[in-house]
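What follows is a single structure, written as structure tokens, with notes after it.
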Amino acid sequence: MALPMPLAGVVGWPVAHSLSPVMMDQWLAATQCDGRYCAFAVKPEDFSRVIKTLPDMGVVGVNVTLPHKEAALKIADILSDRAKAVGAVNVLTFKDGHIHGDNSDVIGIETALEPVTHRDLPVLVLGAGGAARAALTALKSLGFSNIRLTNRTRERAEDLAQMLSPSAQIYEWQDKRAVEACGLIINATSMGLKGQNPLHLDLKGVDARASVFDMVYNPLKTQLLDDAEAVGLTTIDGLEMLIGQARPAFEAFFGVKPVEPSDQSVRETLVSALGL
Ligand code: NDP
């Protein structure tokens, strides 16, 4: 039996660290929407069974976080073009007896990169995992065409280029020439994440108008962003993407666009939830 109010959530393993409930709850209150948003801790081996049960429990959709993004691609029977391009799903919605899969990480990256001008300059993407795939898809839709890729495991960068950006130039990991004349640098690796090694880049030779976008949001001010700021470059942190990817999911679940709360911005709430 369907619940009288839309119920949605985030599915992950583990899931306690997810900031999605904090964001969604703030938007639910600001839009005065009578919905609920929960965190569901689901083990990989239980993912398929649990997802198939959720619609019968009145759940209208879920955000999907690690390690389930590829399993979510497989379980969806209708995929958006974005999800197909990226090869991963981070939003599932249950409608008309179907499981719809979308990838709103692409929208999150588009939101973060919207202010970046000079789209004719080279862009360096570091990484070749799911976030890098989403980045290449977003860059294409935003009109960046001069793409450079570098990844610790070179073959993964080559495979990624072949799949999403055949004209991309591949650079060896830590090849200093990769940043030369770049107008945008994107860290889509897990380097810089709390508990991981920081990412140090020699930013000499980067275009003076360049922006540096680090997808990592914990810590918010990474070594890379510190280094970029020190040489006067524009910096974009990972919270822009996090908030940007959550907005379309909220609308898909609850049928209204999220509005900024009047008391404290979602960004401020996330910063304090991160203990920063
Ligand atoms: P994946 O596990 O799919 O990819 C990880 C990438 O990091 C690979 O390219 C891997 O290289 C590289 N890497 C890992 N460790 C090292 C290292 N020690 N030295 C060099 N390269 C390394 O992760 P995702 O693509 O899902 O996520 C990547 C980053 O993006 C994470 O930091 C994640 O937190 C962030 N992210 C942020 C989001 C946001 O909303 N702000 C949303 C999604 C992700 P290799 O191929 O050689 O293993």
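The values are calculated or read from the model by the stated rules, or taken from the named source; none is laboratory data. Just so we're clear, the structure is a prediction, and the values are computed from it rather than from any experiment. Quick reminder, even Gly has a Cβ in these numbers, built from the backbone with ideal geometry, and neighbours come from all protein chains shown. Accessible surface is based on the protein model in full, side chains and every heavy atom, while ligands, DNA and RNA are left aside. Shrake-Rupley method; radii C 1.70, N 1.55, O 1.52, S 1.80 Å.
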### Summary
Note to self: C-alpha centroids of the stretch 82-127 and the stretch 200-221 sit apart, in Å, by 21 Å
## Note on the structure
Contact order relative to length for the stretch 140-216, counting C-alpha pairs under 8 Å separated by 6 or more residues, stands in percent at 28 percent
### Query
Given labels modelled 7 Å from the Cα in the Cβ direction, how far is it in nm from D159 to L276?
3.2 nm
### Query
Any idea of C38's accessible area? Nearest 10 Å², probe 1.4 Å.
50 Å²
### Message
With an 8 Å Cα cut-off and a minimum separation of 6 or more residues, compute the relative contact order for the stretch 108-236 in percent.
### Response
23 percent
### Query
Length gain on complete extension for the stretch K95 to D175, per 0.36 nm per residue less the alpha carbon to alpha carbon distance?
24.0 nm
### Task
Can you tell me which of 261-267, 117-123 comes out highest on packing, and rank the rest after it, using the mean Cβ neighbours within 10 Å?
117-123, 261-267
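Between D202 and V259, what FRET efficiency comes out of the Förster formula 1/(1 + (r/R0)^6) with R0 = 35 Å and r the beta carbon distance, rounded to 0.05?
E between V259 and D202, to the nearest 0.05, is 0.25.
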### Task
Heads up, I need the accessible area for D25: 1.4 angstrom probe, whole protein in place, Å², nearest 10.
80 Å²
### Summary
Taking Cα atoms only, helix 130-142 is inclined relative to the longest principal axis of the chain by an angle, in degrees rounded to 10, of 80 degrees
### Task
Note the angle between two axes, namely the Cα long axis of helix 20-31 and the longest principal axis of the Cα atoms of the chain, as a number of degrees from 0 to 90, rounded to the nearest 10.
70 degrees
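Expressed as a whole percentage, what fraction of the accessible surface of the stretch 108-236 belongs to carbon and sulfur atoms when a 1.4 Å probe is rolled over the protein heavy atoms? Intermediate results must be reported in sequence, preceding the final value.
On the way: 2850 of 6070 Å².
Roughly 47 percent of what the probe reaches on the stretch 108-236 is carbon or sulfur.
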### Query
From the phi of every residue in the stretch 98-112, what ³J(HN,Hα) in whole Hz does the Karplus formula 6.51 cos²θ - 1.76 cosθ + 1.60 yield, where θ is phi - 60° and glycine or proline is x?
10, 9, 9, x, 9, 10, 8, 4, 4, 5, x, 6, 4, 4, 5
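Before anything else, pin down the relative contact order of the chain: Cα pairs under 8 Å, at least 6 apart, normalised by residue count, whole percent.
Computed value for the chain: 18 percent relative contact order.
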#### Entry: Pair-distance profile P(r), taking every C-alpha pair of the chain, with 10 angstrom steps and integer %
7, 29, 34, 22, 8, 1, 0
### Query
How far is helix 238-254 tilted, in degrees, relative to the longest principal axis of the Cα atoms in the chain, given as a value from 0 to 90 rounded to the nearest 10?
30 degrees
### Query
Say each of R49 and R267 gets a label point 7 Å from the Cα, pointing the same way as Cα to Cβ; how far apart are those two points in nm?
4.4 nm
